[in-house]
Amino acid sequence: MTTYLVTGGAGFIGSNFVHYMLRHHTDVRIIDLDALTYAGNLENLKDLEDDDRHVFVRGDICDRALIGDLLRGWDPDVIVNFAAESHVDRSITGPEIFVVTNVMGTVNLLQRAKDAWYDAGQKTWRKGKKYIQVSTDEVYGALGAEGYFTEETPLDPHSPYSSSKASADHFVKAFHDTYGMPVCITRCSNNYGPYQFPEKLIPLIIRNASEHMPLPVYGDGMQIRDWLYVEDHCRAIDLVASGGRPGEVYNVGGHNERSNLFIVKEIISRLSARLDDPAICESLIRHVEDRPGHDRRYGIDPEKIRKELGWIPETNFGTGIAKTVDWYLAHRDWTDHVTSGEYLRYYEEMYGERMR
Ligand code: NAD
Ligand code: DAU
């Protein structure tokens, strides 16, 4: 039995990872720690209520005593840290919480894991332990028309979000280089799939288009992201947990670069066909004021994880986006719940002025 402490397991990728692990392994136990911020939602884990391999704990990764208790009480073999403030636009209007959660929270997890796993006298780590930091391609900054991010690309973050993630990555590496802590860092490109909060491009466009609302495209819409179906990301993390070499970074990407405008038009055409609704059409698109400091292009070279761990993306974009659109159509109640209350205030603050 391998015990995982998964943080942020009620969010988008974290909840998909928890489901993935319980589906693919019988011999795992998951302690799922999440603060349930606006982005975390227990509905994402509802079907696991009767699965005693999954234990949910509401709490903050910055909480020193709680993390210490969880590590002593459950003695996890692997910590996978998904917990973060994850939205670039929110980091532009309010950067401080990104430092608290993404930097201080990560350092707290590292420090508590060191307390639990490190024998300072012998300078040895307990066998079979590993810490995984789920990071992002955004730490590398932006690409021009050519080339890809490799694990050797220097960090050059531009947004408060990516700066906080890069800072956290430096601390993770520092714990490896200074104390020999067994860590791995994964840096993944843009994920899409079920349970993604509708502040991010794909679920926001699906929701707005279904309601015949305007579809906000920042600037000219020709920025490029490298889209990966979330389940492929979960498999990559599973492989890094079991086979990733300590101290190493693994880039994870779908070789699926698309412009934002392409993505928006693709969703329009699929939704319109699925719902047989000609009012879902390209005239809903609104080019609005661009995101400040907007990175033009991301593109991952995933060769290292392919060569070392045999990972390749298995879901092509056509299949992934069809599954995603179907999931959102079948879970309108989920979208309605998560977009009530605070979301409406957020939407007005972020888009009200831009759309008028
Ligand atoms: P998300 O915003 O959907 O989920 C984040 C989760 O963390 C939420 O459940 C939230 O409640 C929880 N959380 C926030 N602050 C916390 C705290 N202080 N203590 C405990 N829990 C807390 O994010 P996501 O898109 O699922 O991203 C997960 C991780 O993957 C993040 O670290 C992000 O940087 C990284 N990542 C995301 C993508 C992407 O495309 N979404 C791509 C690469 C990397
Ligand atoms: O690259 C990995 C990153 O992908 C993760 O680290 C982040 O946590 C995740 O949020 C995501 O960041 P992006 O900024 O790329 O994702 P977002 O969905 O916010 O935006 C995708 C692109 O679409 C980006 O170029 C901005 C644009 N966009 C976004 C929104 C929300 C729009 O044009 N209109 C919008 O309304």
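Between their Cα atoms, which of LYS265/LYS307; LYS200/LYS265; LYS114/LYS200; LYS173/LYS200; LYS127/LYS173 are more than 23 Å away from each other? With Cα atoms farther than 23 Å apart: LYS265/LYS307; LYS114/LYS200; LYS173/LYS200.
For the chain, relative contact order (Cα pairs under 8 Å, six or more residues apart, normalised by length) works out to 17 percent. Charge tally around ILE312: other residues with Cβ under 10 Å, Lys/Arg +1 each, Asp/Glu -1 each, net 0.
May I ask for the Rg/Rh ratio of the chain, computed from Cα atoms with Rh as the Kirkwood radius, given to two decimals? We get a ratio of 0.96 for the chain. Using a Debye calculation, one point per C-alpha and no hydration shell, please list log10 I(q)/I(0) for region 300-356 at q = 0.21 Å⁻¹ in order. The calculated log intensity ratios at q = 0.21 Å⁻¹ are -0.85.
For region 118-235, which whole percent of the accessible surface, found with a 1.4 angstrom probe, sits on carbon and sulfur atoms? Working shown, then result.
Values: 2250 of 4270 Å².
Carbon-and-sulfur percentage of accessible area, whole number: 53.
3J(HN,Hα) couplings calculated from phi for region 63-68 with the Karplus curve 6.51 cos²θ - 1.76 cosθ + 1.60 (θ = phi - 60°) are, in sequence order, 7, 4, 5, 4, 5, x Hz; Gly and Pro show x. Put simply, the amide H of VAL28, placed in the peptide plane, has neighbours under 5 Å in THR2, leaving out anything fewer than 5 places away on its chain. For the options GLU308, GLU211, GLU85, a Gaussian network treatment of the chain with springs between C-alpha atoms closer than 10 Å singles out GLU211 as fluctuating the most. Among THR315, THR106, THR136, the largest mean-square fluctuation in a Gaussian network model of the chain (Cα springs under 10 Å) belongs to THR315. Annotation: amide H-H contacts under 5 Å for VAL252 (H modelled 1.01 Å from N, sequence separation of 5 or more, or interchain): ARG187, CYS188, SER189. Solvent-accessible area per residue in the chain equals 42 Å², computed with a 1.4 angstrom probe and all protein chains kept. Relative to the longest principal axis of the Cα atoms of the chain, the long axis of helix 230-243 makes an angle of roughly 10 degrees. Which one, ASN16, ASN316, ASN41, has the greatest fluctuation when you compute a Gaussian network model over the chain with C-alpha springs under 10 angstrom? Largest GNM mean-square fluctuation: ASN316. Between MET104 and ARG274, the contour length at 0.36 nm per residue exceeds the alpha carbon distance by 56.7 nm.
Quick one: net charge around ALA209, please, counting Lys, Arg +1 and Asp, Glu -1 for every other residue with C-beta under 15 Å from its C-beta.
On the way: positive: LYS200, ARG207, LYS265, ARG270, ARG274, ARG286, ARG332; negative: GLU211, GLU266, ASP276, ASP277, GLU282, ASP326.
My count for the surroundings of ALA209 gives +1.
Helix 201-210 and the longest principal axis of the Cα set of the chain meet at an angle near 40°.
Amide H contacts for HIS287 (H built 1.01 Å from N in the peptide plane; partners 5 or more residues away or on another chain; cut-off under 5 Å): VAL217. A Cβ-based charge dipole, computed about the Cα centre of the chain with Lys and Arg at +1 and Asp and Glu at -1, lands at about 620 debye.
Taking a Cβ cut-off of under 15 Å around THR26, the surrounding Lys, Arg, Asp and Glu residues balance to a net charge of -1, with basic ones at +1 and acidic ones at -1.
Computed from backbone phi, the HN-Hα couplings of region 331-344 come to 10, 4, 5, 4, 4, 4, 5, 6, 9, 8, x, 4, 4, 5 Hz, rounded to whole numbers (Karplus: 6.51 cos²θ - 1.76 cosθ + 1.60, θ = phi - 60°; Gly and Pro given as x).
Taking θ as phi - 60° and the Karplus parameters 6.51, -1.76 and 1.60, the scalar couplings of region 263-278 work out to 4, 5, 5, 4, 5, 4, 5, 5, 5, 4, 5, 4, 9, 6, 10, x Hz in sequence order, x denoting glycine and proline.
The values are calculated or read from the model by the stated rules, or taken from the named source; none is laboratory data. None of the values given here were measured: they were computed from a predicted structure. FYI the Cβ positions are ideal-geometry reconstructions off the backbone, even for glycines, and counts take in every protein chain you see. Just the protein is used for accessible areas: all its heavy atoms, side chains included, with ligands, DNA and RNA removed. Shrake-Rupley method; radii C 1.70, N 1.55, O 1.52, S 1.80 Å.
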